[in-house]
Amino acid sequence: MSTLDANRVILTGENPFIRLSRTDDGPMTTNASFWRILFCPAGPGHVLYLKSELTQDAWRIYSDNIAMARWLQSTVQGMLNAELLDTTIPVTDAQFSKSGDVRDFWTERLETSVEEIALTWYEIGEPLLIHTQPNAEPARPYGVCTVLIPCLGARLTHNGVAASGQPWPRQREGQPFSTCALAFSESWMQAR
């Protein structure tokens, strides 16, 4: 039995996300997809795709590698959220840092010349190892192997103002999950 995945790896990194809403079944008040890319055709870097009441419900993109942010939009992130296929959304240059320990909390920060955004995950649950194949579902040409860590606590602030809403518990294939999660050791692939 082979342990080699025969697909072509197109990126490796991290993709923690925060999806907040005021009620369990209500519309998202914040949708944040953060990426720390170690390897992809457009090079390494960080990017935050953010849509929130704090951004007047418009997408904003922050990155330290615009080529990587655009490549991600045209591939995996665009597949995950079709609204982000729009490469006319401006990209704001930002500097990124992180702190914490996944046993207690994890914080990703970014700073621009006029903005400061912090994303924090806490109430951290048990990790799940997810592995999907490219083309396993229609409209999903990419597969992923990732460690998803559900978080029942999450907070996003923009210039010190906290986003409204909260994370909500979910189930993923019978296991406890959440609308907010850390995603580490993430590799996306496509068929050769």
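The values are calculated or read from the model by the stated rules, or taken from the named source; none is laboratory data. Because the structure is a prediction, the values reported are computed rather than measured. Virtual Cβ from ideal backbone geometry, glycine too; neighbours counted across all protein chains shown. For the accessible areas, the whole protein counts, side chains as well, though only heavy atoms, and no ligand, DNA or RNA atoms are used. Shrake-Rupley method; radii C 1.70, N 1.55, O 1.52, S 1.80 Å.
Going residue by residue through the range 100-110, is there one that turns out to be touching a strand residue (DSSP E or B) at 6+ places or on another chain (Cβ under 7 Å), modelled with pLDDT of 95 or more and farther than 22 Å from LEU152 by Cβ? Yes, the range 100-110 has at least one match.
For THR107, the conditions (1) assigned to a strand (DSSP E or B); (2) open to solvent by 40 Å² or more (accessible area, probe 1.4 Å); (3) not aliphatic (A, V, I, L, M) are fulfilled apart from (2). Checking each residue of the range 153-166 against the condition of being within 30 Å of ASN7 (Cβ to Cβ), in contact with a strand residue (DSSP E or B) (Cβ under 9 Å, 6 or more places away or on another chain) and in a strand (DSSP E or B) gives no match.
Applying the condition of being open to solvent by 20 Å² or more (accessible area, probe 1.4 Å) and closer than 24 Å to ARG140 by Cα to the range 48-59 and asking which residue is nearest to the chain's Cα centre (by Cα) yields LYS51.
From the list GLN77, GLN95, which one is exposed (fewer than 15 other Cβ atoms within 10 Å of the Cβ), touching a residue at least 24 places away in the same chain (Cβ under 8 Å) and in contact with a Leu (Cβ under 8 Å, 6 or more places away or on another chain)? Give the steps one after another, and end with the answer.
Numbers: GLN77 fails: exposed (fewer than 15 other Cβ atoms within 10 Å of the Cβ).
Testing whether each residue is exposed (fewer than 15 other Cβ atoms within 10 Å of the Cβ), touching a residue at least 24 places away in the same chain (Cβ under 8 Å) and in contact with a Leu (Cβ under 8 Å, 6 or more places away or on another chain) leaves just GLN95.
Going by the structure shown, is PRO141 open to solvent by less than 30 Å² (accessible area, probe 1.4 Å) and closer than 20 Å to ILE10 by Cα?
Details: open to solvent by less than 30 Å² (accessible area, probe 1.4 Å): no; closer than 20 Å to ILE10 by Cα: yes.
Considered against the rule, which asks whether it is open to solvent by less than 30 Å² (accessible area, probe 1.4 Å) and closer than 20 Å to ILE10 by Cα, PRO141 comes out as no.
One line per residue, one yes/no per condition, for (1) hydrophobic (A, V, I, L, M, F, W, C); (2) assigned to a helix (DSSP H, G or I); (3) on the phi < 0 side of the Ramachandran plot:
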residue: HIS46; (1), (2), (3): no, no, yes
residue: ASP57; (1), (2), (3): no, no, no
residue: TYR62; (1), (2), (3): no, no, yes
residue: TRP71; (1), (2), (3): yes, yes, yes
residue: MET79; (1), (2), (3): yes, yes, yes
residue: LEU84; (1), (2), (3): yes, yes, yes
residue: THR87; (1), (2), (3): no, no, yes
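If the condition is being surrounded by 17 or more Cβ atoms within 10 Å (Cβ to Cβ) and either part of a loop (DSSP other than H, G, I, E, B) or not polar (S, T, N, Q) (or both), then the range 16-27 contributes PRO16, PHE17, ILE18, ARG19, LEU20. In the condition set (1) out of contact with any Pro (no Cβ under 8 Å at 6 or more places or on another chain); (2) open to solvent by less than 70 Å² (accessible area, probe 1.4 Å); (3) of a type in the set (A, V, I, L, M, F, W, C); (4) farther than 23 Å from LEU128 by Cα, TRP71 is compliant with all but (1).
Checking GLY13, GLY100 one by one, the residue that is assigned to a strand (DSSP E or B), in contact with a Phe, Trp or Tyr (Cβ under 7 Å, 6 or more places away or on another chain) and free of Cβ contacts under 8 Å to residues at least 24 places away in the same chain is GLY100 and no other.
So is PRO134 crowded, with 16+ Cβ neighbours inside 10 Å, touching a Gly at 6+ places or on another chain (Cβ under 7 Å) and part of a loop (DSSP other than H, G, I, E, B) or not?
yes
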